[in-house]
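What follows is a single structure, written as structure tokens, with notes after it.
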Amino acid sequence: MEGDEREEYGEELQDVIEGLRSLARGVETPPALLAKVLTRGECLLPPQRRSMGWWRKVVMASRRGVVAPPGWGLAFASACLVLLCVGPTIVTLRGAVAKLQAKLEAVEERERGALEHERQLTNIVIKQADRLGRANFELGRYEESEESYWQIAERNPQLQYDYLIKAATAAWYACDYQKSRDILEERIKDKQSSESSKDLLRHFVLGSVYHSLGDLDTAMHQYKIVAESGENEYREAAWFNVGVVYALKYKKSKDEKEVAQSIAALEESIKEASLRSRAQSAERIRKIQEARKPFDQRPLNKCGDQYHATQDLTPLIGVSAFTEWLNQKQVLSQMSL
Amino acid sequence: MAEVHRECIDRQIQASTVAGDYRRTLELLARTYLDTVFHYCCRMLNGDRALAEDVTQQVFEEACKGIAEFRKESSAKTWLLAIAHNLALREMQTRGRRARLLDTHSAEVTAHVHSAPAPESESEVLSQEWLRRLHWALGQLEPAERSILMMRFGGERRGELPAAEIAQILGVSRAATYRQLKEALAQLKRIMIHGGG
């Protein structure tokens, strides 16, 4: 420029140019002017833009070459930015998850409470149904009793086996043998009882059902399962029923062996009763005597007539062996008492 | 070296402006160009320091108002001197009383200068007396002529504007700027030698 000026303006004007520059050197700026300018200027500045973050300033400055292009600094800034952006999001998400977990726990707690309440209600309902079933059974209202037992069996799977047997028993007492058989053979066929005595009860009731239906062989099979299973509470009644089945067989076959087997079974029944008490034994002998009474001398049974298959020893009436055996048992029983 | 420093400062100013950090922009502008603006104003206003101080403040106030619009199209110094040029001219036009006072004063100075011999050597040129005559002659120039000379030569080498940027401020071509500069310089020398006219 200096060369251009000399060429442009000429040598004769160089002294004026230098003079102008010298004049500029002689002017001193007032020291307080800078502070005045800054103070007044700041009041007039437009609002500072906040949209641009410090990271963007760095990028802009680096693009213009004001600062060196950031290397690790940019990476660090990016990492900080990610943390700043993602951090609050993570915190928010964690908060939302915690809230959801709390809600879920509250719902689960309510569900547990509701289930416990339902369980308690179910227990109350079952107890009431059990009482009602037993009361109706005692009153001879077997259909109502059976209905109560069915309700319990359906409400509580754990009690299903026991109460289905009870329902089948009620059905048998109501003389609905087919229904009783269906319950015992079909409904609880695949179920296992926790107690063997429950299985023996099932076999005993099932024997009574087949007995009543006239299927004496099957009834005999079921009774003998109970009778030959060692000591159990149904053994006395099972041996008695075996004796009745042999008596009915004798009625058809007139085979003396059936009489002997009937007497032997009845003997086992009395023996089983005698294991408990003499009174029990005497009671069993009395029941045997009742069972050989003619039906026209008996009151109406639970089915509205005078016949009941499991109490039928009438075929042995007039059989001398049976009469002598029973008389002997009666004498011994009276003597022991 | 001065150009590199100036470009570096201008980048910082532009960066802070783009970033919206106007306070930083103002600080950079004031610390870098306050002297240049004040010198210009002082020379334009015939050495009236108080008035130059006021006008300089007005220059930076105007700059603050339009700071958000400042872009890279021109350098910061060009931008500030353009504002100073307009404000100084307006100040000189609106203050007639001050102009009359200057006329009276110039008459006294003219008499004094005419009594002095014309400079013949460099030592004389740079002498105090010669500078007083130059100062007086500068006040005799038309405001536009004085302004263009002060922008081009009034801030030492570091504070001077290239002719291209003066052309930008005045809104004329570069050649016209050179012509005006040459004419203003010739007129200034004529006044110094012949006492005006």
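The values are calculated or read from the model by the stated rules, or taken from the named source; none is laboratory data. Note that this is a predicted model, so its numbers are computed, not measured. FYI the Cβ positions are ideal-geometry reconstructions off the backbone, even for glycines, and counts take in every protein chain you see.
Selection of the range A:276-310 for residues being more than 26 Å from A:Met335 (Cα to Cα) and at pLDDT 85 or above yields A:Pro294, A:Thr310.
Residues checked against (1) in contact with a helix residue (DSSP H, G or I) (Cβ under 7 Å, 6 or more places away or on another chain); (2) surrounded by 20 or more Cβ atoms within 10 Å (Cβ to Cβ):
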| residue | (1), (2) |
| --- | --- |
| A:Ala114 | no, no |
| A:Arg119 | no, no |
| A:Ile126 | yes, no |
| A:Glu144 | yes, no |
| A:Ser148 | yes, yes |
| A:Tyr163 | yes, yes |
| A:Ala168 | yes, yes |
| A:Glu186 | no, no |
| A:Val205 | yes, yes |
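For the criterion of being within 11 Å of chain A (Cβ to nearest Cβ), within 21 Å of B:Cys41 (Cα to Cα) and surrounded by fewer than 14 Cβ atoms within 10 Å (Cβ to Cβ), B:Ala164 passes.
Taking A:Val209, is it at pLDDT 90 or above, hydrophobic (A, V, I, L, M, F, W, C) and more than 16 Å from A:Cys175 (Cα to Cα)? For A:Val209, the condition - at pLDDT 90 or above, hydrophobic (A, V, I, L, M, F, W, C) and more than 16 Å from A:Cys175 (Cα to Cα) - is not met. Is one or more of the residues making up the range A:162-173 assigned to a helix (DSSP H, G or I) and touching a Cys at 6+ places or on another chain (Cβ under 9 Å)? Checked against the condition, which is being assigned to a helix (DSSP H, G or I) and touching a Cys at 6+ places or on another chain (Cβ under 9 Å), the range A:162-173 yields at least one hit.
From the set of residues in the range A:2-48 that are assigned to a loop (DSSP other than H, G, I, E, B) and either more than 7 Å from chain B (Cβ to nearest Cβ) or under 60 Å from the mean Cα position of the chain (by Cα) (or both), which is modelled with the lowest pLDDT? Looking at the filtered set, the residue picked out is A:Gly26. Given the structure, is A:Leu132 within 22 Å of A:Ala237 (Cβ to Cβ) and hydrophobic (A, V, I, L, M, F, W, C)? Spelling it out, it is not the case that A:Leu132 is within 22 Å of A:Ala237 (Cβ to Cβ) and hydrophobic (A, V, I, L, M, F, W, C). The set of residues from the range A:201-245 being of a type in the set (Asp, Glu) and part of a helix (DSSP H, G or I) comprises A:Asp217, A:Glu236.
Regarding the range B:72-80, can at least one residue be identified that is among the aliphatic types (A, V, I, L, M), more than 16 Å from the chain's Cα centre (by Cα) and over 30 Å from B:Arg133 (Cα atoms)? No: zero hits. The residue that is farthest from A:Thr39 (Cα to Cα), among those in the range B:26-77 that are among the small types (Gly, Ala, Ser) and more than 10 Å from chain A (Cβ to nearest Cβ), is B:Ser74. In a residue-by-residue description of the range B:90-106, the property of being surrounded by fewer than 19 Cβ atoms within 10 Å (Cβ to Cβ) and either under 23 Å from A:Gly41 (Cα atoms) or at pLDDT 80 or above (or both) applies to at least one position. Of all residues in the range B:63-80, those satisfying the criterion of being surrounded by fewer than 17 Cβ atoms within 10 Å (Cβ to Cβ) and assigned to a helix (DSSP H, G or I) are B:Lys65, B:Ala68, B:Glu69. Could you list all residues from the range A:286-301 that are over 21 Å from A:Leu216 (Cα atoms) and in contact (Cβ under 8 Å) with a residue 24 or more places away in the chain? The answer is A:Gln289, and nothing else.
Residues in the range A:252-282 that are assigned to a helix (DSSP H, G or I) and within 20 Å of A:Arg235 (Cβ to Cβ): 19 in all. Taken as a whole, the structure places A:Leu266 among residues that are among the aliphatic types (A, V, I, L, M) and under 17 Å from A:Lys224 (Cβ atoms).
Scanning the range A:233-268 for residues that are aromatic (Phe, Trp, Tyr) and within 48 Å of the chain's Cα centre (by Cα) turns up A:Tyr234, A:Trp239, A:Phe240, A:Tyr246.
The single residue among A:Ile183, A:Ile188 that is β-branched (Val, Ile, Thr) and modelled with pLDDT under 85 turns out to be A:Ile188. Out of curiosity, is A:Val58 more than 30 Å from B:Asp54 (Cα to Cα) and either at pLDDT 80 or above or more than 7 Å from chain B (Cβ to nearest Cβ) (or both)? Against the criterion (more than 30 Å from B:Asp54 (Cα to Cα) and either at pLDDT 80 or above or more than 7 Å from chain B (Cβ to nearest Cβ) (or both)), A:Val58 qualifies. Every test in (1) modelled with pLDDT of 85 or more; (2) under 30 Å from B:Arg31 (Cβ atoms); (3) more than 7 Å from chain B (Cβ to nearest Cβ) is passed by A:Val67 save one, and that test is (1).
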